[in-house]
Amino acid sequence: MDRASLIGIVLVVVGILSGQILEGGHLSSLLQPAAFVIVVVSTIGAVLLQSRMPTFIRGIQMLKWIVMMPEDKSRKNVQEALVWSVVARREGFLSLERYINTAKDPFIEKGLKLVIDGIDPERIKEVLDVDISFYEMEQRQAIKIWDAAGGYSPTIGILGAVLGLIHVMENLTDPNKLGGGIAVAFVATIYGVGLANLFFLPVANKLKEIVGTEVVRREMLADIFFSIAQGDSPRIVEERLSNHRDKS
């Protein structure tokens, strides 16, 4: 569980609500269903318009990573890679078959199979690099829905404000309806700007960091499989791992 995200969410909510109270305002004045519908529903619609449905769904599913971050398997993979290199050096590539059944990571399974099949090391690196590039492209396409939401929601908030002011102008003769229209106008702007800068864009940046960490892990594995396939000694493999740890 990512405590930083939880603390951040709490601070955002507390900061806004505390500021409203300290200024003498009422919390109920921030609860405007009409403004919420205008900003949130319209933002979702705009994002859907620019995205394919599978990409949108994948981006929504990634939201859980903000609180429940994926397990960082880098240290475990480093230990496994050293074992693979020793076994392959002593017993040959075919001896690595025993590790395929226990590999829960499809990327590791693919790398082991390529090494076992005796594929040329350069070809192995090429195949795994393509796999990494495709993974990164697919993940970043999904993350773009949050970047897009952060770009659209402030403008849609302004649109909501204009709609609220139109409602006010239509009811100038009825003072009882003026307050509601003005409230929607201003709160819609708050929702649009607030959601963009306090939720959508931070979520996008956090997901980019998570994906970036996974890409680095896969690049490390690809380099290790290349090294094992060309018959490098375990010491060389360990040196390659050290280089990756230094970079990270």
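The values are calculated or read from the model by the stated rules, or taken from the named source; none is laboratory data. What you are looking at is a predicted structure, and each value in this text was computed from that prediction instead of being measured. With ideal geometry, Cβ positions are generated from the backbone for all residues, glycine too; neighbour counts draw on all protein chains shown. The protein model used for the area step is the full one, side chains on, heavy atoms only, and it has no ligands, DNA or RNA in it. Shrake-Rupley method; radii C 1.70, N 1.55, O 1.52, S 1.80 Å.
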Those residues of the range 114-126 which are surrounded by fewer than 16 Cβ atoms within 10 Å (Cβ to Cβ) and either of a type in the set (Gly, Ala, Ser) or in a helix (DSSP H, G or I) (or both) amount to Gly118, Glu122, Arg123, Glu126
Could you list, in sequence order, all residues of the range 17-33 that are closer than 24 Å to Leu163 by Cα, open to solvent by 50 Å² or more (accessible area, probe 1.4 Å), of a type in the set (A, V, I, L, M, F, W, C) and assigned to a helix (DSSP H, G or I)? Leu27
So, of the residues in the range 34-54 that are in contact (Cβ under 8 Å) with a residue 12 or more places away in the chain and open to solvent by 80 Å² or more (accessible area, probe 1.4 Å), which turns out to be nearest to Ala185 (Cα to Cα)? Phe36
Any residue at all in the range 190-208 that is open to solvent by 70 Å² or more (accessible area, probe 1.4 Å) and touching a Leu at 6+ places or on another chain (Cβ under 8 Å)? yes
Residues of the range 43-58 classified as farther than 9 Å from Ile145 by Cβ and part of a helix (DSSP H, G or I), total: 8
